[in-house]
1. Across segment 1-34, what is the total count of residues that are within 20 Å of residue 88 (Cβ to Cβ), in contact with a helix residue (DSSP H, G or I) (Cβ under 8 Å, 6 or more places away or on another chain), modelled with pLDDT of 95 or more and surrounded by 16 or more Cβ atoms within 10 Å (Cβ to Cβ)?
2. So which of 185, 144 is within 24 Å of residue 83 (Cβ to Cβ), surrounded by fewer than 18 Cβ atoms within 10 Å (Cβ to Cβ) and at pLDDT 95 or above?
3. For residue 77, indicate whether it is surrounded by 17 or more Cβ atoms within 10 Å (Cβ to Cβ), part of a helix (DSSP H, G or I) and modelled with pLDDT under 95.
4. Can you pull out the residues in segment 188-210 that are closer than 18 Å to residue 65 by Cβ and either at pLDDT below 95 or outside any helix (DSSP H, G or I) (or both)?
5. From the list 132, 152, 181, 141, pick out the single residue that is touching a helix residue (DSSP H, G or I) at 6+ places or on another chain (Cβ under 6 Å), assigned to a helix (DSSP H, G or I), closer than 20 Å to residue 66 by Cα and free of Cβ contacts under 8 Å to residues at least 12 places away in the same chain.
6. Go through (1) modelled with pLDDT of 95 or more; (2) under 25 Å from residue 174 (Cα atoms) one by one and return the number of the condition residue 95 breaks.
7. Within the group 192, 162, 153, which residue is surrounded by 15 or more Cβ atoms within 10 Å (Cβ to Cβ) and under 19 Å from residue 73 (Cα atoms)?
8. Among the residues of segment 106-129, what is the count of those that are part of a loop (DSSP other than H, G, I, E, B) and surrounded by 12 or more Cβ atoms within 10 Å (Cβ to Cβ)?
C-alpha cells in the first residue's frame, strides 16, 4: 500500500515503482491508503497512459461516525474504475466499544499521554453526543444478541462496497469478540440499518441522490 499521498513525488514515479514491485514478483497488487478520490483517479489515468498497473483498492477509515468517503466517494470509483475499499478503525480507536461512556478509564488508550488528542476528542461536545448515541445503539445490539463492538464491525461488513475490514485488538479475547461479528451479519437487515441511521443522523448522500 502507498500510505498517504506523497506530494513531493510525481504520480508517474509512484505508479512506476508499484508496477516494478509487482513485475518483480514481490507483490500481486497494489493499493492506496488515505488518498483522495482525485489522487486515485490520477494514478489510474497515469497507469492507463503509460501501460502500467493501477491501484486496485483504497484503505480508508470507516466506522459509525466516519462515513462520507466509503459510502459516497469510493463507490463512484468502484463503478468507474473498479477500485475496492479495505477499511480500518471500525471501532474508532476504541470509542465505539462503549468503554468511554462513564469517563476515561485509567487503563484505556485515551489515558496515555501520547493519545491526548483522543482524550480531547472523547470529552468534547461532539464526543459526548457520540457516547449518547452509542448508548442508544447498545439497545439495538442487545436486541440482536451481540455486543456493541460486534454490532459496529457487522455494520461495516454489511456494506457491499467494503471488501474487508481491518481489525485491531489488544488481547486474544478482543479479537475473538470482534471476529464474532461475522455471525451477526444475517441480522443486519434493512430495518436494523435504518434504525441505526435514525440514531446516528449522519448518513451521507451522493450528488445523484440529492438531485433525485
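1. Of the residues in that region, 3 qualify.
2. Details: 144 fails: within 24 Å of residue 83 (Cβ to Cβ).
Testing whether each residue is within 24 Å of residue 83 (Cβ to Cβ), surrounded by fewer than 18 Cβ atoms within 10 Å (Cβ to Cβ) and at pLDDT 95 or above leaves just 185.
3. Numbers: surrounded by 17 or more Cβ atoms within 10 Å (Cβ to Cβ): yes; part of a helix (DSSP H, G or I): yes; modelled with pLDDT under 95: yes.
Yes: the conditions hold for residue 77.
4. 188, 201, 202, 203, 204, 205
5. Working: 132 fails: touching a helix residue (DSSP H, G or I) at 6+ places or on another chain (Cβ under 6 Å); 152 fails: free of Cβ contacts under 8 Å to residues at least 12 places away in the same chain; 181 fails: free of Cβ contacts under 8 Å to residues at least 12 places away in the same chain.
Testing whether each residue is touching a helix residue (DSSP H, G or I) at 6+ places or on another chain (Cβ under 6 Å), assigned to a helix (DSSP H, G or I), closer than 20 Å to residue 66 by Cα and free of Cβ contacts under 8 Å to residues at least 12 places away in the same chain leaves just 141.
6. That leaves (1) as the condition not met.
7. Working: 192 fails: under 19 Å from residue 73 (Cα atoms); 153 fails: under 19 Å from residue 73 (Cα atoms).
Within the list 192, 162, 153, the selection yields 162.
8. Of segment 106-129, the ones part of a loop (DSSP other than H, G, I, E, B) are 106-108, 112, 124.
Then drop every residue that is not surrounded by 12 or more Cβ atoms within 10 Å (Cβ to Cβ), which leaves 108.
Total meeting the criteria: 1.
The values are calculated or read from the model by the stated rules, or taken from the named source; none is laboratory data. All of these numbers come straight from a predicted model, not from anything done at the bench. Glycine also receives a Cβ, built like all others from the backbone with ideal geometry; neighbour counts cover every protein chain displayed.
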